[in-house]
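Coordinate-derived values only; no laboratory data. Since we're looking at a predicted model, the values are computed, not measured. Cβ: placed from backbone, ideal geometry, glycine included. Neighbour counts: every protein chain shown.
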Amino acid sequence: MATAEYSVETLVNDMRAVVADTDDDKKIIQQVIPLAQRIAKESGWIQDTFYECDPDQGFGITVLHEEADYTLLVEAIAWLPGRGVAPHDHQTWGVVVGLDGDEVNVNWRREDDGTKVGYADLAVQNEVSVGPGEVIAFLPDDIHSVRNESEKTSLSLHIYGKTLAHIDRSEFDPDAKVQRPCPKRIRKQA
């Protein structure tokens with residue numbers, strides 16, 4: 001007897017149960033990681049349209065689920081070859097699992113105390129390559145950047161505790177030591 005495929009709808013229901021049980025970000029992440037790995041093993045829910053990217057933005061975001069109160073966001077993000085995004089924070093917990101291709105996540109460490117408005121002194125903490133089924137997780141104040149170093153579009157699934165479009169987040173320029181509001185990204189609904 002074949003087992004039913006793990007779907008985005010089932011993932012969302014499982015995530016609702018996790019966040020109903022605790023509000024501790026670290027505990028939530030620990031419970032969401034295996035769910036992300038489980039859905040990454042499936043492919044029936046992935047659509048060709050998820051690979052569509054905005055050439056100016058360098059990536060494409062397809063919203064798969066967003067709670068009405070802007071909690072529990074699930075989106076597929078496709079990264080064009082040679083493109084990425086500047087260092088940024090999320091101001092919510094997040095779990096990212098690779099689906100197709102590899103993407104490089106650079107984790108940054110803040111060297112200053114954050115008290116000077118518009119200023120941030122960042123240093124590279126480490127780099128992690130996230131391929132199919134591999135997971136990286138973030139706490140609200142973690143800072144990371146992403147780039148696709150391959151010659152094909154990569155795809156990953158992003159799961160967040162809040163909708164990023166409704167949060168005041170920061171983007172960083174490590175060379176200029178600047179912290180500024182994160183730009184609003186172009187998103188499309190699945």
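Observations, loosely collected:
- Subset of K27/K177; K27/K184; K162/K188; K27/K116; K27/K152; K41/K184 violating a 25 Å alpha-carbon distance limit: K27/K177; K27/K184; K27/K116; K27/K152; K41/K184
- In this label model, N126 and E111 are separated by 2.0 nm, measuring between points 7 Å along each Cα→Cβ vector.
- Charged-residue dipole, Cβ positions (Lys, Arg, Asp, Glu), the chain about Cα centre, Debye nearest 20: 120
- Viscosity 0.890 mPa s, temperature 25 °C, Stokes-Einstein D of the chain from Kirkwood C-alpha radius, µm²/s: 144
- Against the main long axis of the alpha-carbon atoms of the chain, helix 8-21 sits at an angle near 60°.
- When the P(r) is computed for the range 81-186, the part past 20 Å accounts for 39% of the Cα-Cα pairs.
- Amide proton proximity set for H65, modelled H, under 5 Å, gap of 5+: V74
- Over the chain: helical MRE at 222 nm, DSSP H runs n ≥ 4 each giving -39500 (n - 2.57), nearest 500: -5000 deg cm²/dmol
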